[in-house]
Amino acid sequence: MQPDKVLPILIVVEDDPEVRETITGSLMDVTATIVTAENGKQGLEKILSLNPQAVITDISMPMMTGLEMIREVRKAGKETPIIVLSGFGDRNNTTEALRLGAMDFLHKPFDIDELNKVVNLAIALGIQMNEFQAAWEKYTANNPELDGINKDLLEKKREIFKMRLLSHPPRRNS
């Protein structure tokens, strides 16, 4: 008998309850435990404590904006794939979100099929990143001389991730 498979975690950070409900209700093609947060500060706390495979966040929120939250997530060393979903899709917000390491930037109103596709991709990427990190930590635990190499490889991984983002600019909703 196989043990029960643990579902990946997706955190949706959105201050508007109706929009939050619309987002979570639209994720019908996503197999994940969906956790919600009402603002960036609450989102950050949940990201740091739950280690989700993916995050969807709004930009304009009280207490902490989505961009500030992404900055803090990256400062904490988390490489969680983050999708920014915003009604304020100006070029500055898009550029800043991608610079901070967001995986994609979708505009409200969003296309449900596109949202499901992007979220599934983010979750798959998050699962792979977590598996890589766990395997590497196990390997370096048995080989302590590799600790410095671990830091170098993680930095290279971040650079590759950023290059991938630059080569695949965010999609634009019509």
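Annotations
- Restricting the range 107-120 to residues that are modelled with pLDDT of 90 or more and in contact with a strand residue (DSSP E or B) (Cβ under 8 Å, 6 or more places away or on another chain), the residue that is surrounded by the fewest Cβ atoms within 10 Å (Cβ to Cβ) is 114.
- Put simply, of 44, 50 the only residue that is modelled with pLDDT of 95 or more, more than 27 Å from residue 90 (Cα to Cα) and hydrophobic (A, V, I, L, M, F, W, C) is 50.
- All positions within the range 59-69 that are free of Cβ contacts under 8 Å to residues at least 40 places away in the same chain, hydrophobic (A, V, I, L, M, F, W, C) and not in a loop (DSSP other than H, G, I, E, B): 67
- Residue count for the range 134-147, restricted to those that are of a type outside the set (Lys, Arg), in a helix (DSSP H, G or I) and exposed (fewer than 15 other Cβ atoms within 10 Å of the Cβ): 9
- Note on the range 9-32: residues that are in a strand (DSSP E or B) and in contact with a Pro (Cβ under 7 Å, 6 or more places away or on another chain) total 3.
- Scope the range 10-42; condition over 22 Å from residue 67 (Cβ atoms), in contact (Cβ under 8 Å) with a residue 40 or more places away in the chain and buried (at least 16 other Cβ atoms within 10 Å of the Cβ); matching residues: 26, 27, 30, 32
- In the range 70-106, the residue that is farthest from the chain's Cα centre (by Cα) out of those that are in a strand (DSSP E or B) and hydrophobic (A, V, I, L, M, F, W, C) is 106.
The values are calculated or read from the model by the stated rules, or taken from the named source; none is laboratory data. Model, not experiment: these values are computed from the prediction. Using ideal geometry, Cβ is built from the backbone for each residue, glycine included, and neighbour counts are taken over all protein chains shown.
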